[in-house]
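Read the structure below first, then the notes.
The values are calculated or read from the model by the stated rules, or taken from the named source; none is laboratory data. Treat the numbers as computed from the prediction; the structure is a model and nothing was measured. FYI the Cβ positions are ideal-geometry reconstructions off the backbone, even for glycines, and counts take in every protein chain you see. Please note that ligands, DNA and RNA were not included when accessible areas were found on the heavy atoms of the full protein model with its side chains. Shrake-Rupley method; radii C 1.70, N 1.55, O 1.52, S 1.80 Å.
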Amino acid sequence: PGGSGLRGRCVADFARMETRLEYDNKKRSLELHATEHFVSDDSVVLTVQGKLNTKTGACQGGLSLRKRFFPEATNRWYTRADLGASYETATDEIRYGAEAKKSFELTADGLLTLDVEGGVQISAARRRTWNGRVEVSQKIFNFTEDQDLKLKVGYDAAKRRPYGQIRENNWTLDTDFRKNWSLKYDL
């Protein structure tokens, strides 16, 4: 009945710009990242993202469209599954993929979890990449006054290396426990 014929409308709470500054020791430059998520009522997510390297002036961008599936509470097999496509300007290719995640609460309050993620992506040239991670995550609310903390330690099976993360309200420190690290600040 009238209207534009589009199914689902965007949820206003999720359609806002996320920006951050990021520095990593490998590139040795500061980057400005911006991401916008548009989420429909039927869990279709359009994500537009870009980054600007402040040292070289190089820009990169990406676009993804995916459908998220959330199971019934009685389903024990997965917590969330995504199916969709993406485009990255750095590789100039469209990729199609599927991912799934399962979370296990290790404490009654749900603040300590074990998360298992996996997925596969296929390009139009039939190049396949996969990802797989297992991580333990601890949330600490009110670590100090008005400051929450989240700690993660995990193993990335595709890269064959461990990783860790410390996240405060706006600051994030990522490391591979070898020689690579990055520092992010959410604006």
(request) Would you mind counting up the charge near C59? Only other residues with Cβ under 14 Å from its Cβ, with Lys and Arg at +1 and Asp and Glu at -1. (result) -1
(request) State to the nearest 20 debye the size of the charge dipole of the chain about its Cα centre, where the only charges are +1 on K and R beta carbons and -1 on D and E beta carbons. (result) 900 debye
(message) Step by step: find N for the range 80-186, compute 2.2 N^0.38 Å, then divide the Cα radius of gyration by it. What's the final number?
(response) 1.26
(message) Given the C-alpha atoms of the range 1-150, compute the convex hull and give its volume per residue in Å³.
(response) 202 Å³
(message) For the range 115-187 and the range 15-80, what is the centre-to-centre distance using only Cα atoms, to the nearest Å?
(response) 14 Å
(request) Treat each spin label as a single point 7 Å out from the Cα along the C-beta direction, and report the V44 to W171 distance in nm. (result) 4.2 nm
(message) Could you sort V153, V120, V39 by their accessible area in this structure, using a 1.4 Å probe and putting the largest first?
(response) V153, V120, V39
